[in-house]
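These notes concern the structure reproduced below.
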Amino acid sequence: MTLLGGAAAAWPLAARAQQPPLPVIGFLSTRSPDDTKYLAAAFHKGLAETGFVEGRNVGIESSWGFGQYDRLPAMAAEFARRQVALIVATGGEPAAFAAKAATSTIPIVFVIGGDPVRQGLAASLSRPGGNMTGITLLTNQLEPKRLGLLRQWFPQAPIFGFLVDPSFPPSEGQLKDAQAAARAIDLQLRVLPASSDAEIDAAFETIAREGIAPILVAASPFFDTRRIKLVELAALHRVPAMYHFREFAEAGGLVSYGIDPADALRQVGVYAGRVLKGAKPAELPVMQASKFEFVMNMKTAKALGLDVPLGLSAAADEVIE
């Protein structure tokens, strides 16, 4: 009986040993783990909604670009070499392009800020085709809206600064949109390019020297990874600044307007789970973010000696005191 019992007890162990390995998601991000903890949590929440929990029935391997886009192709190629079950390309177009170049067979769920059809990532929004689908956050297309909100706050300012990352693929379109919006309201726009820490420092030296205020910080994964630096420099030089994600306002930035990135990453988690269950990316429509947030930091406004126009304060989704 002891022998039989021992043999019976060994059966579950043997069964576990023979279980196939967990499917692995390759999580490719242009950003860094420190500044995306809440986004990773939202992604895990979406996965859980489809029944997947890391370590239980799915594995997740992460690779981070830390705002350096040239690191992404090698990391995507490594995921393809390892034949992961799925690549989730987050943090904007550079990660999506790197994943697309690495594989045409492994499913890819992307997170970008622009138009995936125009950028060649999808045949159409409703039926993307190929091995890719995902969500567009529309961040790259909202510069005119942000510029208009900033103009309402500073109607007498003779010149606005536009901090843009020229190494970010959609930057050319961002710049054209912002310049067209500025011309429409008879506003002079001072373009300040920055794709490195040294260039960010130089841009703010120019802002201080020429008395440029306020400034609009264009959407960019590189700028996301330098969020604290940008907010601190704006405070140091007492420059009102508009950003694209609420995390900037939460860090002390004056104001932000854009989508809710956590809600978007939750939806990406849901899509990832559906793909793991057999759904084909070609048949999953590309989602468009629909939850927008206009956030003001009143503590920063007071520190800058600014009064908030009643119309803007009433329009704010959240006021940080």
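Quote the relative contact order of the chain in percent (integer), defining contacts as alpha-carbon pairs under 8 Å separated by 6+ residues. Could the numbers behind the result be given before it?
On the way: 626 pairs, mean separation 64.8, N = 321.
Dividing the mean separation by the residue count of the chain yields 20 percent.
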What's the extension gain from Glu205 to Ala180 if we count 0.36 nm per residue and subtract their Cα-Cα distance?
6.4 nm
Beyond 26 Å (Cα-Cα) in this structure, taken from Lys45/Lys299; Lys176/Lys299; Lys100/Lys280, we find Lys45/Lys299; Lys176/Lys299
FRET efficiency, 1/(1 + (r/R0)^6) with R0 22 Å, evaluated for Val191 and Ser290 via beta carbons:
0.10
Between Rg and the Kirkwood Rh of the chain, both from Cα atoms, what is the Rg to Rh ratio?
1.08
Would you please put 242-254, 71-83 in order of how densely packed they are, using the mean number of other Cβ atoms within 10 angstrom per residue and starting with the highest?
242-254, 71-83
Of Phe154, Phe160, ordered by accessible area with the largest first and a 1.4 Å probe, the sequence is Phe154, Phe160
Run the Debye formula on the Cα coordinates of the stretch 160-314, all scatterers equal and no solvent, and tell me log10 I(q)/I(0) at q = 0.10, 0.14, 0.15, 0.19 1/Å.
-0.43, -0.77, -0.86, -1.24
Using a probe of 1.4 angstrom, how much of the accessible area of the chain is carbon and sulfur, in percent?
55
Counting only helical runs of four or more DSSP H residues, what would the 222 nm mean residue ellipticity of the chain come to if each run contributes -39,500 (n - 2.57) and the total is spread over all its residues?
-12500 deg cm²/dmol
Fully extended contour minus Cα-Cα distance, from Ala85 to Glu318, at 0.36 nm per residue:
80.0 nm
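The values are calculated or read from the model by the stated rules, or taken from the named source; none is laboratory data. Keep in mind it's a predicted model, so treat the numbers as computed, not measured. Every residue, glycine as well, gets a Cβ built from its backbone with ideal geometry; the counts of neighbours run over all protein chains shown. The protein model used for the area step is the full one, side chains on, heavy atoms only, and it has no ligands, DNA or RNA in it. Shrake-Rupley method; radii C 1.70, N 1.55, O 1.52, S 1.80 Å.
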